[in-house]
Structures are given as structure tokens and as C-alpha cells.
Amino acid sequence: MRPSETNRSGEPAEAEGEAPPSGAGPGSPAWELLLPAASAPARARGRSLQAALREAVRAGRLAPGTRLPSSRDLAADLGVSRGLITEAYEQLTAEGYLRSGRGAGTWVGGAVRAARPRARDLAPRPPGARADFVPGTPDLSLFPRAAWAAAQRGVLAELPHHDLGYPDPRGLPRLRTALAELLARRRGVVADPERILVVSGVAQATTLLGFALHARGLTAVGAENPGSPQHDALYAAAGVTTVPMPLDDEGLAIGPLRDTPVRSVVVTPAHQFPTGIAYSARRRAELLDWARSVDGFVLEDDYDGDFRYDRAPVGALQGLDPERVAYAGSVSKSLAPGLRLGWLLVPEALADEVIERKRTMDLGHPTLDQALFARFVERGDYDRQLRRCQRAYRERRDTLVAALEEHFPGSAVSGIAAGLHVIATLPRRYGPEKHFLARVADAGVTVRPLRDYAHETADIGAGEDVRLVLGYAHLSPARIRAGVRLMAEGVRG
């Protein structure tokens, strides 16, 4: 073949004895990456060659502007048919990885940029301190792996084929029915399965409620101050602004609430986060009276309502007025936050908007996960898990209180005996707070002051007070004792 002739893919055939392009010829290191693909089974060899060549361009091993060998030369070097190489060139040219022109050869195109070599993990991680008392995380080692695996095997064996299709956006009827019974029995809610939505945790429930409120023209929601730091961002994602509302000893203060134009408010009445108080019966009634008077809604975040250690948990606020209270909960504290599994009970006035938002957001929660959790609840495994966690967390709370009394005499723990954290107020001799925090950080102990959970306008104690929010659920009793001892040693210097 003469030098002016071209092959099937438009490449110029190379004259006998002509050297291939520098660094890109057959047998050069740049083409060794194709050798494993050339050894693939015959039926998969073409796809393997295309994938290997594509990845070489993506990864930057073949730089833009690199001229490729002729199909004849590359086929001979790799020991494959010329047709496989020609087909690979044509396919990658069509996709934009390569470029070619009649009589101009085949080259690596300039549209591809080298891929990043690794995937980053943005999941929140502990800070690596010697002791970490940051609240909000359960003990993930308590996850019931054996019981969960057994439930998964049972579900896979019995799940009807049609349940693997697109689900009801509210959730599988089986799970909504199981949740209705569970929540009515344990939390005293009025649970109609038709108004229960299975959601990806309380975070999604909050966002769905934000969209529903916004659709009704309610663009501001009251929020406890101090309170959960997540509420602001979650409601903002739905176009709703949070307005900080002060607390008193009985719960969210009603007087300041009445002085604002807001018509909805998000609360944690069973165990307020972070102060640890439980709303009084009088405050619950006042809050519902306010909601009725403004034709508004109360949004109840029952994040750890099952964990009460000195008495039976107080029932959910939703049970007093299910048409004014939207109720949200999840398995994040009882099983694991990574399951992304929760529930939302909505008043009838908000139901249609919330259900439609759930449909357009994700077309419903994964059906296998729903069926698995339904079986877990139906067989009593979830009740057993709650009892197991309650025993463990009660022991850890008692250990933390005793350790504070031993190493910080005169400390006061406020709030009810419940949940996964305590509020500890240390005597002023350990302050001021800024200096205390610096010293314990130098000792390798991570703690959060109560101020971290307050809106900027809040006045939480005087500057000399040391008020800490101490999480304990994720720590063993031995680690709790060791952590408090480290904290005391750091303060003494």
C-alpha cells in the first residue's frame, strides 16, 4: 500500500519502514495497558479493548493530541484482528474520545479531561480526639447485625415480585401499618396508616414539611432557641426562614411566640434538644391553643422520645391534636443513622402537598429496606433493640453523672433523665468557659458548650459559667470515666 492510501477508519497507512509517532508506537509502554484486554475471552475482547482505551484517555495516560498507531500495526502488536482495533477506533471517535479525518490519522481528542484519581469521603467523622463527648451519635456497635440479617433473608424469600416496582410514595402499606401500631403503642400518637410517610430520616421529613408550608404561603417557622442546628438549613432549602424562639423552664415561651407573625413552629417536646427539659402539660396545651388560634401547625421532632430512664416516656404531642401537629421520628438513634429510615405523620391539611413532594423528590423509599424494617417491627425485634439500647444508655448516663461528681465536685446536671446527652453546669472556679474549652482541647478532649446551639441573640448564662452539652451514648462506661478524668487533668494543667 502506498503512503497516500488510507485504511477503513480514515487513517493513513504508514510506508514500509516509517517510524511510528514518538512514545506512541506498538510495543511502547503507552500501549502495554491494552495487553490484558487483548487477552480477554473472544466474545468480550472487543468491549474490553474499547474500555481499556477509553480509560487510558480519561486517566490522562494518553494525552490530548497523541497520535494513535494504525489499526494494522496495533492489531499486529496485540495479536488481535485488525477489525477489532478498527471498531474500537470508530466507537471512541463517535463518543468523542478520539478524532480522525480521512488521510489525517487517528488522534486523542481534546474534549476529555483526566479524571480525579480518588473519590472523597465527605461523611462526618470523629475528630480523632482522645475523648469525644460531642452529642448526637448512638453506639453503632449495638446494631443488631444477626437479627437484621435474618430479617433480610426472610424478606428476600417472601417479597412478592411486584413489590420491587415503583412503590407508593408514602411507603409500603405493610410498613405503614406496622409503624401505625408501633407508634400508637409506644408514643401515644394517633396513627392513620394513610397519613404516614416513610422518609429518609427526620432531615427529609423536615424538608418535606418546609415545602408544604411554603406552598400554603407560610414562609417563616419558629424554632427553639437554643435548638437543633440542622433546622435552619433544612427549612431554608425549602424557602422557609427560621425565627428563633426563646425557652423557659416549661418549654418554648408562648408570650414571645404570640408576638411574632409566624404560624408554625418546630419543637422537641419529649426531650428538648439541647437543654434536656420536657415540655410541661400546661405548655403543651398552650402551644396547641396558639396553633389553633392562628390556623397554624406544630412540627414535632421526636428524635429520642423512646429513651426515658426515670419513668415511662411522655407521649407525643401529636396525640393531643393530630390535625395541628406533624410528627417525625427515625431509627437514627435506635439502630443507625446510616439506614436513612424514618417516618412522618402529617395533618390532613398538609397531606396532599407532602405526598406529592415525596413523589417528585425520590419516587419513594427503597422497597427492600421498607419490607425488611416492617418484618423487624412485626416480629418484635425492634422492641427488643429499643430495650437493649435503653439499658445501655441508662448505664452510660449514670456513669457520666458519677464521673462528673467525682472529678468536678459541685457540678449540676440539668434536664430529665432521658436521651443521649446531658447538660452539665460546672462551678465557676473552672471558668471562664473560653479558657476551660481551650484547656480541655489541649488535653485531647472534644466537648461542645451549650452556646454552640444557640442563636446569636440568645443570652445563655453569664460569661464565667461553663455549660456543656455532653453526649455519652457512643462511649462505653470505661471510656466515659477516662474521658472525664482527662478533662479534669487538662483543667488542672
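Put +1 on the Cβ of every Lys and Arg and -1 on every Asp and Glu Cβ in segment 138-254; which of Thr242, Ile196, Tyr166 then has its Cα farthest towards the positive end of the dipole?
Checked the options; the winner is Tyr166.
Given a Förster distance of 45 angstrom, what is the FRET efficiency for Leu156 paired with Ser414, based on the Cβ-Cβ distance and rounded to 0.05? Kindly include the intermediate steps, with their values, before the conclusion.
Values: r = 48 Å, r/R0 = 1.06.
That pair, Leu156 with Ser414, gives E of 0.40.
With charges only on Cβ, +1 for K and R and -1 for D and E, what is the dipole size of the chain about its Cα centre, in debye, rounded to 20?
Once rounded to the nearest 20, the dipole reads 1140 debye.
Given a Förster radius of 30 Å and the C-beta distance between Leu140 and Arg118 as r, what FRET efficiency does 1/(1 + (r/R0)^6) yield to the nearest 0.05?
Efficiency, rounded to the nearest 0.05: 0.75.
Specify which residue in the list Val331, Ala285, Leu317 is farthest towards the positive end of the charge dipole of segment 279-332, using unit charges on the beta carbon of Lys, Arg (+1) and Asp, Glu (-1), about the Cα centre.
Ala285
Quote the charge dipole size of segment 130-286 about the Cα centre in Debye, to the nearest 20; the model charges only the Cβ of Lys and Arg (+1) and of Asp and Glu (-1).
Numbers: 16 positive and 15 negative charges, 60 e Å.
It works out to roughly 280 debye.
In deg cm²/dmol and to the nearest 500, what is the mean residue ellipticity at 222 nm of the chain if only DSSP H runs of at least 4 residues count, each as -39500 (n - 2.57), divided by the residue total?
Helix-only estimate at 222 nm: -12500 deg cm²/dmol.
Run through segment 271-331 and list the chymotrypsin sites (Phe, Trp or Tyr not before Pro) located in a DSSP loop whose Cβ has at most 16 other Cβ atoms within 10 Å.
Values: sites: Tyr279, Trp290, Phe297, Tyr303, Phe307, Tyr309, Tyr327; in loops: Tyr279, Tyr303, Phe307, Tyr309.
Sparse-neighbourhood loop chymotrypsin sites (Phe, Trp or Tyr not before Pro): Tyr309.
Return one number: the angle in degrees, 0 to 90 and rounded to the nearest 10, between the long axis of the Cα atoms of helix 281-293 and the longest principal axis of the Cα atoms of the chain.
Relative to the chain, helix 281-293 is tipped by roughly 60 degrees.
Is the shape of segment 279-364 best called rounded, prolate or oblate, per the rule: a/c under 1.5 gives rounded, else a/b larger than b/c gives prolate, else oblate, with a ≥ b ≥ c the square roots of the Cα gyration tensor eigenvalues?
Oblate, because a/c is 1.5 or more while a/b does not exceed b/c.
With charges only on Cβ, +1 for K and R and -1 for D and E, what is the dipole size of segment 248-346 about its Cα centre, in debye, rounded to 20?
Value, rounded to 20: 160 debye.
Using a cut-off of under 12 Å, list every residue of segment 35-53 whose amide N is near the label point 7 Å from the Cα of Ala59 along the Cα-to-beta-carbon line.
From segment 35-53, the list is 35-37, 52-53.
By how many nm would the segment from Ala233 to Asp452 lengthen if fully extended, with 0.36 nm per residue of separation less the alpha-carbon distance? Provide the component values of the computation, followed by the final result.
Details: separation 219, 0.36 × 219 = 78.84 nm, distance 1.56 nm.
So the extension gain works out to 77.3 nm.
Here are some values of semi-axes √(5λ) of the Cα gyration tensor in Å: [x] 47, 23, 20; [y] 35, 25, 22; [z] 59, 30, 23. Which one was computed from this structure?
[z]
Which of the trypsin sites (Lys or Arg not before Pro) found in segment 108-178 are in a DSSP loop and have at most 11 neighbouring Cβ atoms, other than their own, within 10 Å?
In loop regions of segment 108-178 (DSSP not H, G, I, E or B), the sparsely surrounded trypsin sites (Lys or Arg not before Pro) are Arg113, Arg118, Arg120.
Assuming a ≥ b ≥ c are the square roots of the Cα gyration tensor eigenvalues, decide whether segment 93-149 counts as rounded (a/c under 1.5), prolate (otherwise, with a/b larger than b/c) or oblate.
prolate
First check a/c for segment 390-493, with a ≥ b ≥ c the square roots of the eigenvalues of its C-alpha gyration tensor; if it is under 1.5, answer rounded, and if not, answer prolate when a/b is larger than b/c or oblate otherwise. Can you show the working numbers first?
On the way: a/c = 1.76, a/b = 1.23, b/c = 1.43.
Oblate is the answer for segment 390-493, as a/c is 1.5 or above yet b/c matches or exceeds a/b.
In degrees from 0 to 90, rounded to the nearest 10, what is the angle of the helix 367-378 Cα long axis to the longest principal axis of the chain?
For 367-378 against the chain, the angle is about 30 degrees.
Using 7 Å Cα-to-Cβ label points, what is the Leu164/Ala441 separation (nm, one decimal)?
A separation of 5.2 nm, rounded to one decimal place.
Within segment 267-326, list the trypsin sites (Lys or Arg not before Pro) lying in a DSSP loop whose Cβ has at most 14 other Cβ atoms in a 10 Å radius.
Arg311
Once you put a point 7 Å from the Cα of Glu406 and another 7 Å from the Cα of Asp310, both along the Cβ direction, what distance in nm separates them?
2.3 nm
Rounded to whole Å, give me the distance from the Cα center of segment 59-86 to that of segment 312-355.
Using only Cα atoms to place each centre, the spacing works out to 60 Å.
Taken together, the values in this text are just the output of simple stated rules run on the coordinates, not laboratory data. Just so it is clear, the model here is predicted, and its values are computed rather than measured. Reconstructed Cβ throughout: ideal geometry from the backbone, glycine too, with neighbour counts over all protein chains shown.
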